[in-house]
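Q: Pasting in a structure now, in structure tokens, and then I'll have a few things to ask.
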Amino acid sequence: MECTSACSRVSGDEQLKAEILRLKEEKNAVILAHYYVDGALQDIADYVGDSLALAQKAAECCQDARIVVMCGVHFMAETVKVLCPDKKVLCPDLAAGCSLADSCPADEFEAFVKAHPDHTVITYVNTSVAVKALSDVLVTSGNARKIVESFPADAKLIFGPDRNLGAYINSTMGRDMVLWDGACHVHERFSAEKIAELRKAHPGAPVLVHPECKRPVVLMADKVGSTAVLLDYALKSDAKEFIVATESGILHKMKLGAPDKTFIPVPPSDSTCGCNECSYMKLNTLEKLRDCLKNESPEVTVDPELAAKALKPIDRMLELSR
Ligand code: 13P
Ligand code: SF4
């Protein structure tokens, strides 16, 4: 009988997964994946998490492995390399960057820091290792409030690069941090208007929002939090329908964890349907994961001097989030 193309793709995926699992064993590799990558990659990973959990896993659980593969974006792989300098860190596609990290070039950030002497520099993990090296402490969306809280109310603080997360912390915690003017192109595409339309169609559905969204969107939220926080909320809530304003990859784990619930992705403001996807995260594919394990390439390397400087604020973050 002739195979349909969908059927041959499924068997092709199964073959790829078998190859990945074989190579992983053979090469003593650990696969980490962010919630925003394709479901097939999340399913095959040893660990799936938000940025904070992935950094924690790299620090604690990858120690026996020879290779760590980061199915996510480049700054996440760099963070793993800084935390595990003796491991070979692979990234299925080196072009998997991040518009938020790109919105904060290290030389410009250095000038900004110098223009604000006596300020403590709090930096979001979505940054290059060079920006991390200029920082006093890092945060993720999962621990930002806790870390800011560890500083006295009148402390002089710089927060970069995400202006939306920074503004959210300033407004909810009564802080006056000086903000770098950066943003993520995915989360900036959500609008309060689209959420209002969905709310009308799905009354009672809690609105889940990532803090990288703009203020009018955050103000519509029933829950604001990192991907892990939103997932946890969706799984534990008694509600049956949820409106989700973050990258649509998170819906994979939401649906797996609560198959009886309905998750409605908020489309970007300039589209009537469709999901809001991070084109960088979606560069990760099963084929590229297989090839990178097979060839042990592309490898992510970090200048050791820069890595030593970046390790301090990363370690401080991990310590403060315990
Ligand atoms: P999380 O901290 O929720 O993992 O978010 C990472 C990210 O890239 C958001 O755009
Ligand atoms: Fe960067 Fe935004 Fe993609 Fe997250 S969703 S990796 S912040 S571009």
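The values are calculated or read from the model by the stated rules, or taken from the named source; none is laboratory data. Quantities reported herein were computed from a predicted structural model and do not represent experimental measurements. Cβ atoms come from the backbone with ideal geometry, glycine included; neighbour counts cover every protein chain shown. Note: areas computed on protein heavy atoms with side chains; ligands, DNA, RNA excluded. Shrake-Rupley method; radii C 1.70, N 1.55, O 1.52, S 1.80 Å.
Q: Would you calculate the convex hull of the Cα atoms in segment 266-322 and tell me its volume per residue in Å³? Write down the numbers at each step before the final one.
A: On the way: hull volume 10.9 nm³, N = 57.
Cα-based convex hull of segment 266-322, divided per residue, equals 191 Å³.
Q: Report the percentage of all Cα-Cα pairs in segment 45-116 whose separation exceeds 16 Å, rounded to a whole percent.
A: Summing the P(r) tail past 16 Å for segment 45-116 gives 53 percent.
Q: Sticking with this structure for a sec: Sort out for me the Cα centre separation of segment 81-111 from segment 165-219, rounded to whole Å.
A: The distance from the Cα centre of segment 81-111 to that of segment 165-219 comes to 25 Å.
Q: Do the sum for the chain: with -39,500 (n - 2.57) for every DSSP H run of n ≥ 4, divided by all residues, what is the mean residue ellipticity at 222 nm, to the nearest 500 deg cm²/dmol? Don't skip to the answer; put the middle values down first.
A: Values: 15 runs with 143 residues, N = 322.
That comes out to -13000 deg cm²/dmol.
Q: At q = 0.13, 0.15 Å⁻¹, what log₁₀ I(q)/I(0) does segment 72-216 have when each alpha carbon counts as one equal point scatterer in the Debye sum?
A: One equal scatterer on each Cα of segment 72-216 leads to -0.64, -0.82.
Q: With all distinct Cα pairs included, what does the Kirkwood hydrodynamic radius of segment 1-143 come out to in Å, to one decimal, could you say? Walk me through the intermediate numbers first.
A: Details: mean 1/r = 0.0593 Å⁻¹.
One decimal place: 16.9 Å for the Kirkwood radius.
Q: Of the heavy-atom accessible surface of the chain (probe 1.4 angstrom), what whole percent is carbon and sulfur? Intermediate results must be reported in sequence, preceding the final value.
A: Numbers: 7160 of 14010 Å².
Reported share for carbon and sulfur atoms: 51 percent.
Q: Compute the Cα gyration tensor for segment 171-211, then decide on rounded, prolate or oblate, letting a ≥ b ≥ c be the square roots of its eigenvalues: rounded whenever a/c is under 1.5, prolate when a/b is larger than b/c in the other cases, and oblate in all that remain. Display every interim value, and only then the final one.
A: On the way: a/c = 3.56, a/b = 1.82, b/c = 1.96.
Since a/c reaches 1.5 but b/c is at least a/b, the shape of segment 171-211 is classed as oblate.
Q: Dividing the convex hull volume of the alpha carbon atoms of the chain by its residue count, what do you get in Å³ per residue?
A: Details: hull volume 46.5 nm³, N = 322.
For the chain, the hull spanned by Cα atoms encloses 144 Å³ per residue.
Q: Please state the charge dipole magnitude for the chain, taken about the Cα centre, from unit charges on C-beta atoms (+1 on K and R, -1 on D and E), reported in debye and rounded to the nearest 20.
A: Values: 37 positive and 46 negative charges, 119 e Å.
Here the size comes out at about 580 debye.
Q: Now for a different question. Using the charge dipole of segment 52-119 (Lys, Arg: +1 at Cβ; Asp, Glu: -1 at Cβ; taken about the Cα centre), state which of 97, 112, 70 has its Cα farthest towards the positive end.
A: After comparing all options, I get 70.
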